[in-house]
Amino acid sequence: MVEVYFEQLNYESLLETEAYGLPNLLSDFGGQLGLWMGVSVITIMEVFILLFDVIFTIFGLTKKPRKKHSARKSLSSLRYNGKKRGPL
C-alpha cells in the first residue's frame, strides 16, 4: 500500500471564458463583408467605365476634337507693334 502525503493543502481553480464573444465576431464579420462588397462594387463600376471608354475611343463615338490654336498665331497677337492698347 502507498500512502501519499501532500506538503500543503492548497488548490487552484481555473475558469475559462471566451476572449472573443459571438456578438463581436458577427459585428466584425459584417464590417469586413460590407467593406469588401463596397470595394468590389466600386471596382466593377471602374472596369465598366474603362471598357466603355475603350469602346467609344475605338469606334470614334467620342466628342469631336476642338480646334487647335497654333502657337505662332497666339505669339503674333502678343507682339508689340508700336501701337498703344488701352489707357496706360
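Any read-out appearing in this document is the output of simple, stated calculations on the displayed coordinates, not a laboratory observation. The model shown is predicted, which means the values in this text are computed figures rather than measured ones. Cβ coordinates were reconstructed from backbone atoms using ideal geometry, including for glycine residues, and neighbour counts include every protein chain displayed.
Between Ile58 and Tyr20, the modelled labels are 4.6 nm apart [label points 7 Å from Cα along Cα→Cβ].
Roughly how many debye, to the nearest 20, is the charge dipole of segment 4-65 about its Cα centre, given +1 on each Lys and Arg Cβ, -1 on each Asp and Glu Cβ, and no other charges? All intermediate terms of the calculation are to be shown ahead of the outcome.
Numbers: 2 positive and 7 negative charges, 188 e Å.
Here the size comes out at about 900 debye.
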